[in-house]
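Student: Structure below; questions to follow.
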Amino acid sequence: GESVGLHLPTLSVQEGDNSIINCAYSNSASDYFIWYKQESGKGPQFIIDIRSNMDKRQGQRVTVLLNKTVKHLSLQIAATQPGDSAVYFCAQDAGGTYKYIFGTGTRLKVLA
Amino acid sequence: ETGVTQSPTHLIKTRGQQVTLRCSSQSGHNTVSWYQQALGQGPQFIFQYYREEENGRGNFPPRFSGLQFPNYSSELNVNALELDDSALYLCASSLAGLSSSYNEQFFGPGTRLTVL
């Protein structure tokens with residue numbers, strides 16, 4: 001069945017270090033992938049997206065890498081800050097439809 | 001802030017009751033998607049409305065229904081509530097054409113529904 005899963009439920013990093021959050025997906029028909037950040041009591045916040053015709057996209061302090069061969073998506077956060085502490089979700093479109101499939105999330109804890 | 005608002009913030013209902021949740025989309029957006037997020041899980045797609053018409057549905061029973069109004073605000077209705085319906089209900093608005101899935105979705109803060 002369709003699934004988007006994450007390898008690590010919790011990731012702890014020292015402030016200033018780089019963070020890498022990984023995600024495996026099963027729907028190879030997806031054209032679009034998104035990373036969301038969700039802080040406690042808030043809705044998911046868009047971070048960065050990538051289309052299937054790309055393998056890397058950079059934003060401000062964030063980079064998304066897409067490896068379609070192994071169906072793997074990762075989010076890299078440079079110089080992690082306390083404000084980055086949140087749950088991060090990867091999501092994918094369900095093969096060109098309106099529906100997004102979300103993973104279960106990874107909690108990022110930034111240690112001072 | 002995304003400009004997407006939801007009401008109420010929290011709600012407590014009992015099994016068998018009905019509930020209506022509301023969402024105001026971001027100005028200029030014509031599409032609203034609803035998601036259910038159980039505790040510790042990722043959001044699950046319920047359905048999407050585009051220009052007042054349902055534009056796709058996830059694996060949810062018919063007792064989950066919705067509406068979109070001419071101003072693009074939306075309602076989610078759930079009948080015959082069950083304990084497992086307890087979750088955070090999120091709406092997301094976007095500006096999209098029919099069947100387009102590549103437009104950024106802006107999420108509201110959600111409504112926390114507890115069914116006792």
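Student: Just one of (1) away from chain A (no Cβ under 14 Å); (2) under 27 Å from A:ALA86 (Cα atoms); (3) out of contact with any Ser or Thr (no Cβ under 7 Å at 6 or more places or on another chain) trips up B:PHE47, so point out which.
Tutor: With respect to (1) away from chain A (no Cβ under 14 Å); (2) under 27 Å from A:ALA86 (Cα atoms); (3) out of contact with any Ser or Thr (no Cβ under 7 Å at 6 or more places or on another chain), B:PHE47 is out only on (1).
Student: (1) modelled with pLDDT of 95 or more; (2) away from chain A (no Cβ under 11 Å); (3) open to solvent by less than 20 Å² (accessible area, probe 1.4 Å): which one isn't true of B:ASN77, the others all being true?
Tutor: So the condition that B:ASN77 fails would be (3).
Conditions (1) farther than 30 Å from A:PRO9 by Cα; (2) among the acidic types (Asp, Glu), marked per residue:
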site: B:ILE12; (1), (2): no, no
site: B:ARG22; (1), (2): yes, no
site: B:GLN26; (1), (2): yes, no
site: B:ASP84; (1), (2): no, yes
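Student: Tally the residues that are under 14 Å from A:TYR88 (Cα atoms) and either open to solvent by 30 Å² or more (accessible area, probe 1.4 Å) or aromatic (Phe, Trp, Tyr) (or both), restricting the search to region A:12-27.
Tutor: Of the residues in that region, 4 qualify.
Student: Test each condition in (1) without any contact (Cβ under 8 Å) to a residue 40 or more places away in the chain; (2) among the aliphatic types (A, V, I, L, M); (3) more than 28 Å from B:GLN48 (Cα to Cα) for A:ALA112 and report the one that comes out false.
Tutor: (1)
Here is a yes/no grid of residues against (1) touching a Phe, Trp or Tyr at 6+ places or on another chain (Cβ under 6 Å); (2) outside any strand (DSSP E or B); (3) surrounded by 17 or more Cβ atoms within 10 Å (Cβ to Cβ):
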residue: A:ALA29; (1), (2), (3): no, yes, no
residue: A:SER40; (1), (2), (3): no, yes, no
residue: A:GLY43; (1), (2), (3): yes, yes, yes
residue: A:LEU75; (1), (2), (3): yes, no, yes
residue: A:PHE89; (1), (2), (3): yes, no, yes
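Student: Which count do you get for residues in region B:40-54 that are open to solvent by 20 Å² or more (accessible area, probe 1.4 Å) and either in contact (Cβ under 8 Å) with a residue 60 or more places away in the chain or within 16 Å of A:ASP93 (Cα to Cα) (or both)?
Tutor: Residues in region B:40-54 being open to solvent by 20 Å² or more (accessible area, probe 1.4 Å) and either in contact (Cβ under 8 Å) with a residue 60 or more places away in the chain or within 16 Å of A:ASP93 (Cα to Cα) (or both): 1 in total.
Student: Is it the case that some residue within region A:53-62 is small (Gly, Ala, Ser) and either within 14 Å of chain B (Cβ to nearest Cβ) or loosely packed, with under 15 Cβ neighbours inside 10 Å (or both)?
Tutor: To start, the set of residues in region A:53-62 that are small (Gly, Ala, Ser) comprises A:59.
Right, trim to either within 14 Å of chain B (Cβ to nearest Cβ) or loosely packed, with under 15 Cβ neighbours inside 10 Å (or both) and you get A:59.
Within region A:53-62 (the criterion being small (Gly, Ala, Ser) and either within 14 Å of chain B (Cβ to nearest Cβ) or loosely packed, with under 15 Cβ neighbours inside 10 Å (or both)), the answer is yes, since at least one residue qualifies.
The values are calculated or read from the model by the stated rules, or taken from the named source; none is laboratory data. Predicted model only: the values in this text are computed from it and were never measured. Cβ coordinates were reconstructed from backbone atoms using ideal geometry, including for glycine residues, and neighbour counts include every protein chain displayed. Ligands, DNA and RNA are stripped out before the accessible areas are found, and what is left, the full protein with its side chains, is counted by its heavy atoms. Shrake-Rupley method; radii C 1.70, N 1.55, O 1.52, S 1.80 Å.
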